[in-house]
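Written below as structure tokens is the structure these notes are about.
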Amino acid sequence: MSKKIRVLHTEWSDGWGGQEIRIINEMKAVRLKGVEVFLACREFSAIKDKALKNNIKVFTLAFKGNGDLKTLLALKRIIQNYSIDIVNTHSGKDTWVGGLAAKMAGAKFIRTRHLSNRINHSRLNFINELADYIFTTGEIVRNDMIKYNRIQENKIISMPTGIDESIFNPENYKKDECRMKFKLIDDEIAIGILAVLRQFKRHDLFLRAAKILIEKYPDKKLVFIIAGDGPQKDNIKNIINQLNLVSNVRMVGHINNSPEFLSAIDILVLSSDSKEGVPQSLMQGLFMNKPIVASDAGSTKDLINKNNFQLVEKGDINALVNGVSSFLHKSHKVSSRKHMMKHFSSSVMAKNIMNVYTKILN
């Protein structure tokens with residue numbers, strides 16, 4: 001019987017958003033394929049609790065910065081003591097110490113790049129070049145790293161986050177019951193955004209578009225729902241007050257059941273202007289056959305398949321308004337799920353990851 005592959009993931013971030021969700025879901029997906037998974041993160045990070053709830057072995061380390069020698073040596077010991085085969089790093093700070101520890105301990109080093117903003121191309125920023133393989137969450141990021149960061153084409157692949165097709169299945173949810181959970185009444189048209197409350201998600205643009213749409217369609221009962229939590233929470237509340245949108249906008253905070261939210265709303269909006277890989281909320285919405293208006297940020301366009309959603313210019317409020325308006329004029333039946341299951345399910349992601357594991361270990 002062959003030895004189980006053992007993979008240690010490292011994550012410096014202490015928040016809970018698309019990146020951290022991706023890590024946990026990836027670990028669960030490959031575990032179903034027989035891989036033994038471990039996580040090294042900071043003591044008070046949200047991902048630590050999620051990992052423990054999923055029975056994943058967790059090591060807590062300081063991850064103070066790129067040159068944190070104490071964390072690097074601790075990682076090296078973990079790799080050796082637990083016979084780790086592959087170290088997969090996720091943020092900048094843990095990539096330096098995790099990547100170097102892997103190299104020192106004789107393990108393979110995979111770097112996952114989640115964001116789409118360009119990496120400093122200085123020769124001193126060589127850590128990505130040391131990786132045995134690189135996963136990006138979109139084609140734009142992959143192409144950028146080949147062009148600007150000296151990464152060989154045969155060592156880097158776009159590996160979008162896989163979505164669990166059994167959970168994100170519109171047939172599993174009754175829209176009326178889901179609308180009741182979010183206190184939506186019959187004739188209200190719910191336009192939602194599902195995103196961590198960070199600046200690049202451009203909730204300010206979403207709200208300014210909401211103001212225009214409310215004035216444009218006075219005969220329609222438009223309700224705008226913001227799902228998510230994060231550092232921009234107070235700023236978003238202030239904008240709601242400044243635009244006199246208190247009666248039209250609801251902030252529902254972090255939600256644990258995204259499919260219910262997606263089932264409840266009528267239109268999903270993604271208003272980001274940067275940093276996106278392939279956005280998970282957009283993928284989830286497509287699995288749920290939702291009408292979607294999304295800005296052309298990061299690798300969003302990787303998900304385009306005929307007319308499965310409206311792709312609009314990032315940062316353009318008029319384009320956002322026109323995109324939503326097109327769905328308000330007439331009902332649209334969206335059937336994006338079949339394409340998504342073929343290319344972007346968690347089982348497809350797990351299969352592709354296992355192919356890379358086998359390749360680099362052999």
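The values are calculated or read from the model by the stated rules, or taken from the named source; none is laboratory data. Here the structure is a predicted model, which means the values were calculated and not measured. In this analysis, Cβ positions are derived from the backbone assuming ideal geometry, glycine residues included, and neighbour counts consider all displayed protein chains.
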All positions within region 317-362 that are surrounded by fewer than 20 Cβ atoms within 10 Å (Cβ to Cβ) and not in a helix (DSSP H, G or I): 330, 331, 332, 333, 334, 335, 362
Filter result (closer than 21 Å to residue 14 by Cα and in contact with a Leu (Cβ under 9 Å, 6 or more places away or on another chain)) within region 79-90: 87, 88
Selection from region 147-177 of residues that are of a type in the set (A, V, I, L, M, F, W, C) and touching a Ser or Thr at 6+ places or on another chain (Cβ under 8 Å): 156, 157, 159, 163, 168
Residue in region 122-174 that is farthest from residue 90 (Cα to Cα), counting only those that are touching a Pro at 6+ places or on another chain (Cβ under 8 Å) and hydroxyl-bearing (Ser, Thr, Tyr): 173
Lone qualifier among 216, 233, 175, 181 - being among the basic types (Lys, Arg) and either touching a strand residue (DSSP E or B) at 6+ places or on another chain (Cβ under 7 Å) or free of Cβ contacts under 8 Å to residues at least 60 places away in the same chain (or both): 233
Matching entry among 126, 135 (being modelled with pLDDT of 95 or more, assigned by TED's automatic domain parsing to the domain that holds residue 100 and either of a type in the set (A, V, I, L, M, F, W, C) or at negative phi (or both)): 135
Residues within region 1-19 that are without any contact (Cβ under 8 Å) to a residue 40 or more places away in the chain and closer than 22 Å to residue 79 by Cβ, tallied: 3
Given (1) touching a strand residue (DSSP E or B) at 6+ places or on another chain (Cβ under 7 Å); (2) within 20 Å of residue 209 (Cβ to Cβ), number of the condition residue 245 does not satisfy: (1)
Set 241, 235, 257: member being over 30 Å from residue 116 (Cβ atoms) and assigned by TED's automatic domain parsing to the domain that holds residue 316: 241
Failed condition for residue 170, given (1) within 12 Å of residue 260 (Cβ to Cβ); (2) modelled with pLDDT under 95: (2)
Unique match (being under 22 Å from residue 210 (Cβ atoms) and basic (Lys, Arg)) among 301, 333, 290, 359: 290
Wholly enclosed helices (runs of 4 or more DSSP H) of region 1-110 bearing at least 1 residues under 23 Å from residue 128 (Cβ atoms) and of a type in the set (S, T, N, Q): 18-31, 69-81, 92-105
Condition check for residue 81: surrounded by fewer than 21 Cβ atoms within 10 Å (Cβ to Cβ), modelled with pLDDT under 95 and among the polar types (S, T, N, Q): no
